[in-house]
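Only the coordinates and a few stated rules stand behind these numbers; no lab work does. What you see is a predicted model, and the numbers here were worked out from it, not measured in a lab. Using ideal geometry, Cβ is built from the backbone for each residue, glycine included, and neighbour counts are taken over all protein chains shown.
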Amino acid sequence: MTDFEMMDDCCDKCEMDFYQLIEWLINDIQHLESKVVYLRYSLSKLLPEYDGEMLRCDIFSDLSSIHYDQPAYQRYVSRYCGGHDPVDDAEFNKLLMMLSRGEKSVNL
């Protein structure tokens, strides 16, 4: 029996385990992104006016991005999320906007 044949026996369970892992990683990424936005806003208030304004303008820059073009992620979105990309979540985006304006805080 080859390694591939052994993998076929647990393929469905392994696939669900991978989807669960991807979901946990997305949650971790979103948690960290919210902290970054909150800390950038907080820092911008401590900087001189011009520098603070520049930081607030770039408050979302260089945040991580999910690899939309990766076949594994596309399969996760298609099969596990019913075609709805969890990264493109309206509630999470609303939270980030509130954090970026200082309307909400996060626990550090």
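List of remarks:
- Region 14-100 - charge dipole about Cα centre, Lys and Arg +1 at Cβ, Asp and Glu -1, debye rounded to 20: 160
- A Förster distance of 22 Å, applied to the separation of the beta-carbon atoms of Asn93 and Leu47, puts the FRET efficiency at 0.30.
- Under 30 Å of direct C-alpha separation, and excluding same-chain neighbours fewer than eight residues apart, Lys35 reaches these lysines: Lys45, Lys94, Lys104.
- For the chain, the longest site-free run once trypsin sites (Lys or Arg not before Pro) in DSSP loop states with at most 16 other Cβ atoms within 10 Å are removed: 1-100
- Based on C-alpha pairs under 8 angstrom that are at least 6 apart in sequence, region 14-100 has a relative contact order of 37 percent.
- Leu39 versus Trp24: modelled label distance in nm, points set 7 Å from Cα along the beta carbon direction: 2.3
- Percent of Cα-Cα distances greater than 24 Å, calculated over the chain: 42
- The label point for Cys14 and the one for Glu103, both projected 7 Å from the Cα toward the Cβ, are 4.7 nm apart.
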